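What follows is a short report on a single structure.
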Amino acid sequence: MPDRRRALYVTDLAYQARGRRYCDEDIFLTSRLRDDFDVALCHPLDAAALMDAFDVVVVRNSGPVLHYQKEYDAFRERATAGGTRVYNPLTGRGDMAGKQYLLDLTAAGHPVIPTVDRPEDLHLLPETGQYAVKPKVGADSIGLAFVPREQLGGLAYGDILVQPRIDFRYEVSFYYVDDTFQYALHAPDPERRWVLEPYDPTDADLAFARRFIDWNTLDHGIQRVDACRTQEGALLLVELEDLNPYLSLDLVSDRTRDSFVASMTESVHRFLDARPRG
């Protein structure tokens with residue numbers, strides 16, 4: 001019988017996320033992954049020191065990396081140099097690489113909330129009462145502020161993004177393993193982002209989400225496509241989360257949860273089988 005593969009599962013069980021319990025989700029997932037892997041949990045600050053003893057490093061609810069950016073950068077550099085198998089792979093083009101993708105998608109004409117990072121580009125944004133200003137390395141709404149247009153000229157550009165504040169009907173998230181859709185959840189009340197309910201997507205909804213999955217070109221991994229539904233009925237991308245997306249697995253049916261775990265388990269095995277380590 002072949003040796004079981006060893007997975008180092010990276011999570012911050014003590015992180016206090018608004019409206020979410022990271023620890024519950026990761027306790028559940030690791031309890032199920034143990035059926036296929038020898039699993040050890042560690043804090044993100046310990047991952048670099050421990051990862052060489054494992055076949056794969058599974059980064060899950062590790063919290064915003066801006067709280068430990070230097071250590072995270074060192075982890076990435078060491079993992080890349082040593083050929084460590086990190087799941088999700090470190091080649092993501094979404095939030096894993098910062099918020100530059102919002103600028104790139106805007107420039108390419110994709111259906112995304114219009115985003116600029118230079119004062120000379122403010123004229124490209126639609127006129128609205130308020131604008132969202134957020135740090136390029138932000139996460140979890142850290143550093144988010146809303147300002148009127150007359151104050152935009154006085155901002156310290158370089159490390160911030162500016163977007164129009166969208167009057168949307170609701171937010172909706174699409175969850176994928178590799179390039180396969182798993183389920184969708186939405187927040188009917190715009191003021192309560194993490195009060196989510198199951199959502200039955202249309203073919204058009206799935207085509208919208210899939211274009212960003214295809215754009216990201218990740219062959220393996222878990223991704224969440226966050227969008228908002230405008231008053232006119234269109235979907236606009238809010239975020240492409242490919243680093244450590246929270247999955248809200250407690251809000252889906254047992255059947256959907258089981259299917260997701262099976263898909264994730266198979267994905268990690270395919271990832272390890274894709275090429276020899278190193």
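The values are calculated or read from the model by the stated rules, or taken from the named source; none is laboratory data. Remember, it's a predicted structure, so these values are computed and weren't measured experimentally. Counting neighbours? That spans all protein chains shown, and the Cβs are built from the backbone with ideal geometry, glycine included. When the accessible area is computed, the model is the full protein with side chains, heavy atoms only, and any ligands, DNA or RNA have been set aside. Shrake-Rupley method; radii C 1.70, N 1.55, O 1.52, S 1.80 Å.
Extent of region 1-120 along its three principal axes (Cα atoms, max minus min coordinate, largest first): 61, 36, 27 Å. Label zone (Thr256, point 7 Å along Cα-to-C-beta; backbone nitrogen cut-off 14 Å) within region 174-199: 174-177, 181-188, 195-199. Between Ala17 and Tyr22, the built amide H atoms are under 5 Å apart, and every one of these is 5 or more places off in sequence or on another chain. Of the peptides 46-58, 165-177, 198-210, the order by per-residue mean of other Cβ atoms within 10 Å, starting with the highest, comes out as 165-177, 46-58, 198-210. Whole-Hz Karplus values for region 49-66 come out as 6, 9, 5, 5, 8, 10, 7, 8, 10, 9, 8, 10, 7, 8, x, x, 5, 5 Hz, taken residue by residue from phi with 6.51 cos²θ - 1.76 cosθ + 1.60 and θ = phi - 60°; glycine and proline positions read x.
With contacts taken as Cα pairs under 8 Å at a separation of at least 6 residues, the chain carries a relative contact order of 19 percent.
For region 1-56, the alpha-carbon radius of gyration amounts to 1.23 times the rule-of-thumb value 2.2 N^0.38 Å expected for a compact globular protein. Given in Å, the Rg to one decimal and the Dmax to the nearest whole number for the Cα atoms of region 183-269 are 13.5, 43.
Across all Cα atoms of the chain, the radius of gyration (one decimal) and Dmax (whole number) stand at 19.1, 69 Å. Secondary structure note: in the chain, about 70% of the DSSP beta bridges are antiparallel.
Ranking of Glu71, Glu239 by solvent-accessible surface, largest first: Glu71, Glu239 (1.4 Å probe, protein heavy atoms only, all chains present). For region 64-158, the Stokes-Einstein estimate of translational diffusion at 4 °C and a viscosity of 1.567 mPa s comes to 84 µm²/s, using the Kirkwood hydrodynamic radius over alpha-carbon pairs. Between the amide H of Arg169 and those of Arg229, Thr230, Gln231, distances stay under 5 Å, these residues lying 5 or more places away or on another chain, with hydrogens modeled in the peptide plane.
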